[in-house]
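J.: Next up is a structure, given as structure tokens.
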Amino acid sequence: MTTSQKSHDSSTSAASTLRLYDTASHKVGPFAPIRDGEVSIYVCGATVQSSPHVGHIRAAVAFDVVRRWLTRLGYKVTFVRNVTDIDDKIIAKAAAAGQQWWERAYKYEREFTRAYDALGVLPPTYEPRATGHILDMIDLIQRIIDNGHAYVLPDKEGNPSGNVYFDVASWPEYGALTHQESGTIAADDSAAVADRMGPSIDEAGDDKYNPTDAADRSDQKHDPRDFALWKAPKNNDPETARWQTPFGVGRPGWHIECSAMSHRYLGDSFDIHGGGLDLRFPHHENEMAQSHAAGWGFAKHWMHSAWVTQKGEKMSKSLGNGLAVTTVLSEQPAWVVRYALASVQYRSMLEWGDQTLQEASSAYERIGNFVERAGAALGSQPERAEVEAMSAEALPEDFVSAMNEDINVAGALATIFASIRSGNTLLSQLDDKLDDESQLETLRRSLLQIRAMLDVFGLDPLSEQWANGSSTGQNDSQQNVLDALIREQLDARAKARADHDFAKADAIRDALSSAGVLIEDTPKGSSWSLKQ
């Protein structure tokens, strides 16, 4: 057996050697949870204003792998991922579409859930909505005010206006996460990378931090850096998007939501706060400041996943290069898409294109071929329960070492494929002596380890997620036929619009809409999804 196939001695705890990169310190260091045997994680989830694209799901898959590895190390993991179901763009887009804002939010929340499910992302322990925690936010804001770190702006009559700001100058530690000079200028290379890529873009893919928003550009602020904890309603805000508070009628600022929800479910302090790299500033910086100003320990460790790029450009709806999950899954098996998203270390940019998917498809063939041949030689496959029960200590040492060094995906996958090569060699040796019990036991052990390692990535091909075919709930061939038919109509509509035959274009759109097909137009073309 090669060095990479040796397992850790059972007396050595794999968990004790885990090292993770911390965004605040810019260092990879030992990870030790607050409570022995338990890890608490809060990850910023989607702002549910429109359909998910693969850029959103990359972050979900990245932290799903982290979660699965922590579980394999023996930790009990509490995983909270929120839903931002109210913000300016949800309200504006709902009004433009003739929807209630909460109707639109719930519609796209379900789309995100289906996308997570289709790609094998484990459901969170809790998935709170922002609008379900308004009272928590009000209490938190009042606590920050009482501590002297926030202020309420008065209206013209001297009454509370509904606008509440965090007083950045009152908090000398502001900038501790991103190390920004005066909270505005990047002071280190890693911060500069994200800042050069443009304005903050949240998990829903559109520009989320908007400095031109009325609440953020107010000339009544004490300091230009001050940010809104609570916002007075705009004139066109519906009555259902307004809440009465001691500091006036309004709705929550973006940053306060996650501080309130993480505290509700994880307490004053928790182990890991995660999210996309582009959430570092201002969102996570502001979260850290307001939570500490409230007197909480908040997150002990910060992890950020990099984004998906196409031809070097960040994938987002604002750039017009988003790929809808439904479209991608109509063209590729979900396992292949999951592999493409999971096969790059979480802190590395993932270039999305034909080559990425071709490599993922080749990996599927190599893995599937070995698993099938090994099972046939053994006469049966190890049960899923046995795969799930295999601890990190029982996995190849090189795999554990790679995963424990800041989730080194490349090294871990290299171990998997080295094990598959060894397994294929063993299968060749067994061709003429299928009764060799020792060799068969070695093969079984190798197969079990390979499937368990794949399961860390959510990619065991015989898991319930993948064994029953398409995880989208539809047969792949049926989905391909449906996509081809709708694409034909979208092409005809595009031609009609190019010919200025808008009556025909509208007729095609209306016919598709009547059939339950929702069309979304972008600068790069039109995508479709089924209405719910």
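The values are calculated or read from the model by the stated rules, or taken from the named source; none is laboratory data. Small disclaimer: the values here were computed from a predicted structure and weren't measured. Using ideal geometry, Cβ is built from the backbone for each residue, glycine included, and neighbour counts are taken over all protein chains shown.
J.: Condition first: surrounded by fewer than 21 Cβ atoms within 10 Å (Cβ to Cβ), under 30 Å from Glu388 (Cα atoms) and under 33 Å from the mean Cα position of the chain (by Cα). Can you find one or more residues in segment 126-138 that meet it?
T.: Yes; the residues of segment 126-138 include at least one that is surrounded by fewer than 21 Cβ atoms within 10 Å (Cβ to Cβ), under 30 Å from Glu388 (Cα atoms) and under 33 Å from the mean Cα position of the chain (by Cα).
J.: Another question about this same structure. Within segment 371-387, restricting attention to residues that are under 19 Å from Asp436 (Cβ atoms) and of a type in the set (A, V, I, L, M, F, W, C), which residue is surrounded by the most Cβ atoms within 10 Å (Cβ to Cβ)?
T.: That would be Ala374.
J.: Let me ask you something else. Out of Ser446, Ser428, Ser419, which single residue is small (Gly, Ala, Ser), farther than 15 Å from Val387 by Cβ and either in a helix (DSSP H, G or I) or outside the structural domain of Pro382 (by TED's automatic domain parsing) (or both)? Explain how you work it out, then say what you get.
T.: On the way: Ser446 fails: farther than 15 Å from Val387 by Cβ; Ser419 fails: farther than 15 Å from Val387 by Cβ.
Result: Ser428 is the single residue among Ser446, Ser428, Ser419 that is small (Gly, Ala, Ser), farther than 15 Å from Val387 by Cβ and either in a helix (DSSP H, G or I) or outside the structural domain of Pro382 (by TED's automatic domain parsing) (or both).
J.: Evaluate the following for Ala260: is it farther than 27 Å from Met315 by Cβ, aliphatic (A, V, I, L, M) and either assigned to a strand (DSSP E or B) or modelled with pLDDT under 95 (or both)? Step through it out loud before you land on a result.
T.: Details: farther than 27 Å from Met315 by Cβ: yes; aliphatic (A, V, I, L, M): yes; either assigned to a strand (DSSP E or B) or modelled with pLDDT under 95 (or both): no.
No, not satisfied.
J.: Scan the helices (runs of 4 or more DSSP H) fully inside segment 61-171 and keep the ones with 1 or more residues being under 30 Å from Val400 (Cβ atoms) and without any contact (Cβ under 8 Å) to a residue 60 or more places away in the chain.
T.: Numbers: elements: 88-96, 101-118, 134-146.
The helices (runs of 4 or more DSSP H) meeting that bar are 101-118.
J.: From Asp406, Asp398, grab the single residue that is at pLDDT 95 or above, touching a Phe, Trp or Tyr at 6+ places or on another chain (Cβ under 7 Å) and over 22 Å from Leu462 (Cα atoms). Steps first, please.
T.: Details: Asp398 fails: touching a Phe, Trp or Tyr at 6+ places or on another chain (Cβ under 7 Å).
Matching residue, one of Asp406, Asp398: Asp406.
J.: Take the residues of segment 410-421 that are surrounded by fewer than 19 Cβ atoms within 10 Å (Cβ to Cβ) and without any contact (Cβ under 8 Å) to a residue 60 or more places away in the chain: which is nearest to Arg347 (Cα to Cα)?
T.: Gly411
J.: Do any helices (runs of 4 or more DSSP H) lying entirely in segment 269-366 carry at least 3 residues that are more than 29 Å from Lys93 (Cα to Cα) and under 20 Å from the mean Cα position of the chain (by Cα), and which ones are they? Quick ask: steps written out before the conclusion?
T.: On the way: elements: 285-293, 325-331, 334-342.
Fully inside segment 269-366 and qualifying: 334-342.
J.: Restricting to segment 96-147, name every residue that is in contact with a Leu (Cβ under 9 Å, 6 or more places away or on another chain), aliphatic (A, V, I, L, M) and closer than 30 Å to Glu464 by Cβ.
T.: Within segment 96-147, Ala115, Ala118, Leu119 qualify.
J.: Go through the residues of segment 391-409 one by one and say whether even a single one is assigned by TED's automatic domain parsing to the domain that holds Pro461, in a helix (DSSP H, G or I) and surrounded by fewer than 17 Cβ atoms within 10 Å (Cβ to Cβ). Full working, then the answer.
T.: Of segment 391-409, the ones assigned by TED's automatic domain parsing to the domain that holds Pro461 are 391-409.
Filter once more, keeping what is in a helix (DSSP H, G or I): 392-394, 397-404, 409.
Still in the running and surrounded by fewer than 17 Cβ atoms within 10 Å (Cβ to Cβ): none.
No, segment 391-409 contains no residue that is assigned by TED's automatic domain parsing to the domain that holds Pro461, in a helix (DSSP H, G or I) and surrounded by fewer than 17 Cβ atoms within 10 Å (Cβ to Cβ).
J.: Here's another thing I want to ask about it. If you go through segment 210-230 one residue at a time, how many are closer than 24 Å to Ile91 by Cα and either out of contact with any helix residue (DSSP H, G or I) (no Cβ under 9 Å at 6 or more places or on another chain) or modelled with pLDDT under 90 (or both)?
T.: Qualifying residue count for the region: 9.
J.: Do the conditions hold for Asn235, that is, is it at pLDDT 50 or above, assigned by TED's automatic domain parsing to the domain that holds Glu103 and either on the phi < 0 side of the Ramachandran plot or among the acidic types (Asp, Glu) (or both)?
T.: Details: at pLDDT 50 or above: yes; assigned by TED's automatic domain parsing to the domain that holds Glu103: yes; either on the phi < 0 side of the Ramachandran plot or among the acidic types (Asp, Glu) (or both): yes.
Yes: the conditions hold for Asn235.
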